[in-house]
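Q: Just dropping this structure here.
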C-alpha cells in the first residue's frame with residue numbers, strides 16, 4: 001500500500017513537469033520574439049551619419065556658430081533700456097518656473113550627465129541626460145517638405161542655427177514613407193528641445209508634415225506605432241501610468257506663470273503647451289496607439305540610466 005501511494009505521488013509529480021517546462025519555454029519564446037522584434041525596429045532607425053547630418057552645426061568653433069555669436073554680440077550692444085528691462089523681466093519669470101519645477105518635480109527634471117565637448121570640439125549646446133525617460137511627446141513638423149531626406153536636413157539646420165538650439169529638437173522624426181530618423185545627437189536618455197518645460201525625462205517624436213486636417217499615411221502610422229512600442233520597451237514606459245506636464249499660463253489664477261497636469265505617458269505637444277501640435281488627425285491616431293499598448297505595457301517599470309558618469 002505504501003509503495004502504491006509513492007507510485008501515485010511520483011506519477012502525478014512527473015505528469016506536471018513537462019507542462020511546467022512547456023509553459024516556461026513558451027514564455028521565453030514570447031519574450032525572445034519581442035526582443036527580436038525591437039532589435040529589428042532599432043536597426044531600421046536611420047542614423048545621423050546615414051541621413052547626412054552636418055555635425056558642424058553643433059560645434060561652437062564652426063563658421064556657422066561664429067557668425068551667430070557675432071550677431072548676438074552686436075544685438076546686445078544695441079538694446080534699448082526698455083528691451084533690457086523686458087529681457088530681465090522674462091528671465092525673472094523663467095527663474096521662478098525653474099525653481100518651481102526643481103522643487104516639486106526634481107527627479108524628473110534633474111540632469112545626471114552633461115557633455116560639453118565632442119573630441120576637441122566644444123558643443124554650442126551641451127548634451128544633457130536624465131536618470132529616466134518616462135514619457136513620449138508627439139509632434140508634427142507642421143511644415144511640408146519635398147521629400148523625407150530633404151526635410152530632415154531642413155529641420156536640422158533650422159533648429160540648430162536659426163532657432164540656435166545647437167541641434168535638432170526632436171529625438172526621432174518619422175518621414176513621409178515611414179522612415180525613422182535619428183534626431184538629436186547623444187544617444188539614450190538625451191534631453192531634446194521639443195516641448196519647452198517638458199524636455200527632460202521625455203522623448204520627442206515628430207511626424208513630418210501637417211496633420212491638422214489630413215491623416216498620416218499607413219506607412220507613417222505603422223512606423224510611429226512600432227517606434228512608440230520600441231521606446232516603451234526600451235525605457236520601461238507603462239501606458240497606464242501618468243506623467244506631469246508643465247504649461248505656461250497667465251492671469252490671477254496662475255500666479256507662478258506655470259500650471260501642471262498629469263497626462264498619460266504618450267501625449268501630444270498640445271497637452272503641455274499653447275499649441276495645436278501635433279494636429280487633430282495625428283492626435284486621434286496617438287490616442288489609438290496609446291490604447292492599443294496599455295495591455296502590453298501594463299507591467300513595465302522605468303529603467304534607470306546605467307551610464308550616468310558626467311564630464
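Taken together, the values in this text are just the output of simple stated rules run on the coordinates, not laboratory data. These numbers were taken from a predicted model, which means no experiment stands behind them. For neighbour counting, all protein chains shown are included, and Cβ atoms are generated from backbone atoms with ideal geometry for every residue, glycine included.
Q: Enter the Cα centre distance for the pair the stretch 237-311 and the stretch 142-179, rounded to the nearest angstrom.
A: A separation of 22 Å, based on Cα centres.
Q: Sticking with the crude label model, points 7 Å out along Cα→Cβ, report the distance from residue 31 to residue 79 in nm, one decimal please.
A: If labels sit at residue 31 and residue 79, their model points lie 5.6 nm apart.
Q: Looking at the chain, what % of its DSSP beta bridges pair antiparallel, to the nearest 5?
A: In the chain, approximately 55 percent of DSSP beta bridges are antiparallel ones.
Q: Additional query: Sort 172-179, 201-208 by packing, meaning the average of other beta carbons within 10 Å per residue, with the highest value first.
A: Going by the mean number of other Cβ atoms within 10 Å, highest first, we get 201-208, 172-179.
Q: Another question, then. For the peptides 36-47, 66-77, what is the packing order when you average, over each peptide's residues, the other Cβ atoms within 10 Å and list the highest mean first?
A: The most tightly packed comes first, giving 36-47, 66-77.
Q: Okay, moving on. So what is the calculated 222 nm ellipticity per residue for the chain, using -39500 (n - 2.57) for each DSSP H run with n of 4 or more, over all residues, to the nearest 500 deg cm²/dmol?
A: Rounded to the nearest 500, it is -14000 deg cm²/dmol.
Q: Sorted by mean Cβ packing within 10 Å, highest first, what order do the peptides 80-88, 264-272, 136-144, 101-109 take?
A: 264-272, 136-144, 101-109, 80-88
Q: Now, a different point. In which sequence would 256, 161 go, from the one with the fewest C-beta neighbours within 10 Å to the one with the most?
A: Placing the least packed residue first, the sequence is 256, 161.
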